[in-house]
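Asker: One structure, as structure tokens, below. Some questions next.
Please treat every number below as a calculation from the coordinates, not as lab data. Treat the numbers as computed from the prediction; the structure is a model and nothing was measured. Because the Cβ atoms are built from the backbone with ideal geometry, glycine has one as well, and the counts that use them run over all protein chains shown.
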Amino acid sequence: MRRLLPLFLLVQSLLTVTVHAASKTLEVVVAEPYIEMHSGPGRGFPVTYVVGRGDSVQVLFSRTDWFKVRAPRGQEGWVKREELAKTTLASGEPAPIPPYPDFATHKWELGAGYGVFNHQNLVTGYVDYALTDSLDAELVLQEALGTIDDRFIATIGLRHTFVPEWKWASPTVGLGTGKQWIQKSLPPEPLEKNNELVYVSLGVRGFINKKFMWRLDWRNYVIFTKQNDNKEPEEWKFALAVFF
């Protein structure tokens, strides 16, 4: 358990930084004669407001190639990425609008994968909800298939992504808690059929395109038993997911 303490402290500090960073928004100044704000993220949505040169807008979040912005008087709408990229900061420097879709702002992930849990084949499914661009709450359901017993594992936890705007690969760290249920395949029956557990995880994620991503994760569990002999199995898994 001692080797898990540094990771717990690291994640706690990262979550504190994330909460403070989440409240900041980018403010840019219109440098072209005007930019058009649409009612939705697409050319098919009507123009609802026009912001003129010299006015500033707040960038709230993005969806694929469109950004939702707020005008000086509170009007909100969607602006095409290539138009917003022509704006500037208050200092006159070009606005830091990336030339690629901002994958970091998606809210949901649904994924499934395969791996190894303590030398047992593992199938896994998960759902993630983004609390901020870099902090997710995740629910994971898994089954470890063995020759002697099968284990069903359910966990809930937090996962921090260090650089969420990196497309190809970004490191992650997480922690959580859960429970396992043991179904014996061969006699004798197990002394305990269910146990509480906690885990820490390290991993990396990357994006395949605007809808699909991949994840590689390692977990270290502490499984609490009534025999004063807590177990610390490890887990490796690879998963593919859709996000939206």
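Asker: Please list, ordered by first then second residue, the pairs with beta carbon atoms under 6 Å, 6 or more apart or interchain, first in region 23-42 and in a loop (DSSP other than H, G, I, E, B), second hydroxyl-bearing (Ser, Thr, Tyr) and surrounded by 12 or more Cβ atoms within 10 Å (Cβ to Cβ).
Answerer: From residues that are in a loop (DSSP other than H, G, I, E, B), the pairs are Val30/Thr87; Ala31/Thr87; Ala31/Thr88; Ser39/Thr48.
Asker: Return the residues of region 120-148 that are surrounded by fewer than 16 Cβ atoms within 10 Å (Cβ to Cβ) and under 18 Å from Glu196 (Cβ atoms); say none if nothing qualifies.
Answerer: Those that are surrounded by fewer than 16 Cβ atoms within 10 Å (Cβ to Cβ) and under 18 Å from Glu196 (Cβ atoms): Leu139, Leu141.
Asker: Then there is this: Of all residues in region 125-180, which are acidic (Asp, Glu), over 23 Å from Phe61 (Cβ atoms) and outside any strand (DSSP E or B)?
Answerer: Hits for region 125-180: nothing passes.
Asker: Same structure, new question: Pro171 - would you say it is in contact (Cβ under 8 Å) with a residue 24 or more places away in the chain and surrounded by fewer than 17 Cβ atoms within 10 Å (Cβ to Cβ)?
Answerer: When the stated conditions are applied, Pro171 passes them.
Asker: So, in region 204-229, exactly how many residues are touching a strand residue (DSSP E or B) at 6+ places or on another chain (Cβ under 7 Å) and of a type outside the set (A, V, I, L, M, F, W, C)?
Answerer: 9
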